[in-house]
Amino acid sequence: MNNVTSTPSFARKSFALKALTAAVLGSMAFGAQAAEYEWTFQTSETSGEPQFELKKAWAEKVNTMSDGRIEIEILPVNSVVGATETLQAVSANILQGHMTDPSYFSGQNPAFGMMGNLVGAWGDPVEFLDYMNYAGGEEIYNELAEPYGVHLIGAAATGLEALPSKRPIRSVEDLEGLKLRAPQGMVYNIFEKAGATPVNLPGSEVYTALEKGVIDAADYTVFATNYDQGLYEFAPYPNYPGFHSLPMVSVSLNKEIWDGLPADLKAILETSVDSMSYEMVAMLKARDLAAVKEVNQDPDIEIIDMPAEERAKFRNIAKEEWAVWAEKNEITQKYYDSVVTYLQDHNLM
């Protein structure tokens with residue numbers, strides 16, 4: 001697979017970030033003032049996870065960039081409502097925002113699942129961010145989200161997820177009969193088409209399910225987090241780099257609040273999310289590489305990089321499911337057409 005050429009877009013983004021940040025910091029000479037806006041955002045991580053800490057740092061940066069006009073409290077998963085309930089909570093202003101995977105809201109609209117994780121589409125998170133920022137992805141997401149009373153400030157993404165497994169997965173055929181943890185929706189359907197036996201479990205049960213043999217493998221999260229949580233003790237054949245999931249992180253605010261914000265604060269929020277999204281990619285990549293280095297010294301763990309031809313087979317299975325989901329409603333069709341056009345234009349499919 002050819003890599004997308006995103007350097008010019010990234011450079012423009014970086015220049016814009018520096019320019020706006022300089023302007024905002026310059027305005028701070030007028031002195032701090034009391035917060036005009038106090039918001040609570042809930043994330044999909046537990047307290048202390050690297051992504052949770054990064055999101056807390058984002059909130060602090062917004063406070064600094066806005067000269068204290070915006071204060072955001074970042075709460076871990078399930079603090080106010082369940083992980084699948086934050087869309088309704090933000091719409092009702094119980095929470096003012098969330099930073100989470102839209103796939104949790106597939107039950108509200110299948111387009112959330114499709115946009116939250118178009119399985120097999122992206123070979124690198126920078127490809128996804130380039131599409132969202134410069135090829136219409138964020139606009140399509142807001143067509144979906146705003147009728148639910150939520151506005152997308154900006155998209156972020158994790159790295160490609162690893163796939164810890166009790167047995168080696170070197171080919172698509174090796175997925176046959178594999179009891180694999182996967183969330184309901186597109187991820188579940190694609191692995192089922194590939195021959196696996198998906199099991200719908202919450203992420204909090206992955207460790208115990210692997211330990212007790214309830215599952216053989218898990219679609220869960222990135223390599224380093226799997227390692228930190230001890231999953232490779234029971235599933236010593238992780239795939240890295242991953243070949244399937246790359247979840248979106250939706251950084252969203254109550255739409256009524258967003259609509260009432262002055263232009264300068266909207267710009268600060270958008271710019272700060274764009275900055276955080278690339279910081280997240282870099283941080284998670286660095287953590288993965290450090291974990292890979294440690295794991296490579298453990299003779300009981302074998303890291304598997306699925307060959308390119310097998311990745312292509314998996315993507316072809318995924319593409320069949322994309323087309324099925326495209327027919328679910330107008331937004332899913334629009335998103336499908338947009339992503340396929342982007343991938344073709346960038347020689348990525």
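The values are calculated or read from the model by the stated rules, or taken from the named source; none is laboratory data. Small disclaimer: the values here were computed from a predicted structure and weren't measured. Counting neighbours? That spans all protein chains shown, and the Cβs are built from the backbone with ideal geometry, glycine included. When the accessible area is computed, the model is the full protein with side chains, heavy atoms only, and any ligands, DNA or RNA have been set aside. Shrake-Rupley method; radii C 1.70, N 1.55, O 1.52, S 1.80 Å.
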Q. So how do 145-151, 223-229 stack up, highest first, on mean other-Cβ count within 10 Å?
A. 223-229, 145-151
Q. Which far-off residues, 5 or more places away or on another chain, put their amide H under 5 Å from the one on V199, with H placed in the peptide plane?
A. L180, R181, A182
Q) Once the Cα atoms of the range 206-296 are picked out, what are the Rg and Dmax in Å? A) 18.3, 54
Q. Pairs K56/K212; K61/K285; K56/K328; K179/K319; K55/K266: which exceed 25 Å Cα-Cα?
A. K56/K212; K56/K328
Q. What residues qualify as long-range amide H neighbours of I304, i.e. H under 5 Å apart, gap of 5 or more or another chain, H built at 1.01 Å from N?
A. N239, Y240
Q: Just order 155-164, 124-133 by mean Cβ neighbour count inside 10 Å, highest at the front, would you?
A: 155-164, 124-133
Q | For the chain, the Rg and Dmax computed from alpha carbons only, in angstrom | A | 20.1, 64
Q: Taking a cut-off of 16 Å between Cα atoms, list the lysines near K313, but don't count ones fewer than 8 places away on the same chain.
A: K193
Q) For the chain, what is the charge dipole size about the Cα centre, in debye to the nearest 20, if Lys and Arg each add +1 at the Cβ and Asp and Glu each add -1 at the Cβ? A) 260
Q) When the accessible area of the range 161-211 is split by element with a 1.4 Å probe, what percent falls to carbon and sulfur? A) 46
**Q.** In order through the range 341-346: 3J(HN,Hα) via Karplus (6.51 cos²θ - 1.76 cosθ + 1.60), integer Hz, x for Gly, Pro
**A.** 4, 4, 4, 5, 5, 9
Q.
Using just the Cα positions, wrap the range 164-320 in a convex hull and report its mean projected area in square nanometres, one decimal place.
A. 11.0
Q.
Given a 1.4 angstrom probe, I'd like the percentage of the accessible area of the range 225-294 that is carbon and sulfur, rounded to a whole number.
A. 54
**Q.** Leading residue at positive end of dipole, the chain (Cβ point charges), from T225, T197, H244
**A.** H244
Q. With N residues in the range 143-196, what two-decimal value do you get for its Cα radius of gyration over 2.2 N^0.38 Å?
A. 1.61
Q.
With n ≥ 4 as the cut-off for DSSP H runs, can you work out [θ] at 222 nm for the chain, using -39500 (n - 2.57) per run divided by the number of residues, rounded to the nearest 500?
A. -14500 deg cm²/dmol
Q: Could you provide, to the nearest whole Å², the per residue accessible area of the chain with probe 1.4 Å?
A: 41
